[in-house]
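Pasting a structure here, questions to come.
The values are calculated or read from the model by the stated rules, or taken from the named source; none is laboratory data. Quantities reported herein were computed from a predicted structural model and do not represent experimental measurements. Reconstructed Cβ throughout: ideal geometry from the backbone, glycine too, with neighbour counts over all protein chains shown. Protein only, heavy atoms only, side chains kept; ligands, DNA and RNA dropped before computing areas. Shrake-Rupley method; radii C 1.70, N 1.55, O 1.52, S 1.80 Å.
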Amino acid sequence: GNSLTLVDGVQGKLPWNGAEWVGFDTNRIVLEIDFLTLKKLSTVSIGFLDDLSSWIHVPEKVNFRISSDGKKWEKVSTISAQTLTRSPINREARYLRIEIHSQKSIPNGLPGAGHVPWTFLDEIMLEME
């Protein structure tokens, strides 16, 4: 179903088409994954699209938080985003929260200047022990 579009093992190809990517037109995206039981998370990676002519920008930063109960969250890292953004976790957790922060608006001189940029993700890849 659509709820698995970011963890279905399908990475987006370039040149891109919409079928392999999920797009958001907001400054902040929060994704939460519930593993149902405690898991030892090694690393998490997210693929972002960079296509300035289509108003699609890689976000500025990504925060990774973990929780064992879904109530108390601990930040494990903040990463400057790239087309493939990878963070070590190396912790046990039941929940993983990914907070994606984009620019407030597209800078002057670029297509779509002044508008909120689109953020496109293709896959969340989790490595567990």
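Residue pairs, Cβ under 6 Å, 6 or more apart or interchain, first in the stretch 107-123 and farther than 9 Å from Phe24 by Cβ and at pLDDT 95 or above, second open to solvent by 60 Å² or more (accessible area, probe 1.4 Å) and among the charged types (D, E, K, R). List them.
Matching pairs, first to second residue: Val116/Asp25.
Here is a further query. Check every one of the strands (runs of 3 or more DSSP E) wholly within the stretch 47-106 and list those with 1 or more residues that are over 21 Å from Ile33 (Cβ atoms) and open to solvent by 20 Å² or more (accessible area, probe 1.4 Å). Show your work before the answer.
Details: elements: 61-67, 74-80, 84-101.
In the stretch 47-106, the matching strands (runs of 3 or more DSSP E) lie at 74-80.
Taking the stretch 26-46, which residues are part of a strand (DSSP E or B) and not hydrophobic (A, V, I, L, M, F, W, C)?
Arg28, Glu32, Asp34, Thr37, Lys39, Lys40, Ser42, Thr43, Ser45
Cβ-Cβ below 6 Å, separation at least six or inter-chain, first residue in the stretch 90-102 and in contact (Cβ under 8 Å) with a residue 24 or more places away in the chain and more than 16 Å from Ser42 (Cβ to Cβ), second among the hydroxyl-bearing types (Ser, Thr, Tyr) and crowded, with 19+ Cβ neighbours inside 10 Å: which pairs?
Note: pairs meeting the criteria are Ser102/Thr119.
Now for a separate question. Of all residues in the stretch 107-129 being acidic (Asp, Glu) and part of a strand (DSSP E or B), which is surrounded by the fewest Cβ atoms within 10 Å (Cβ to Cβ)?
Glu127
Starting from residues that are surrounded by 12 or more Cβ atoms within 10 Å (Cβ to Cβ), out of contact with any helix residue (DSSP H, G or I) (no Cβ under 6 Å at 6 or more places or on another chain) and assigned to a loop (DSSP other than H, G, I, E, B), keep the ones in the stretch 12-25 and report whichever is modelled with the highest pLDDT.
For the stretch 12-25, the residue satisfying everything is Asp25.
Arg28 is checked against (1) open to solvent by less than 80 Å² (accessible area, probe 1.4 Å); (2) modelled with pLDDT of 95 or more and fails just one. What number does that condition carry?
(1)
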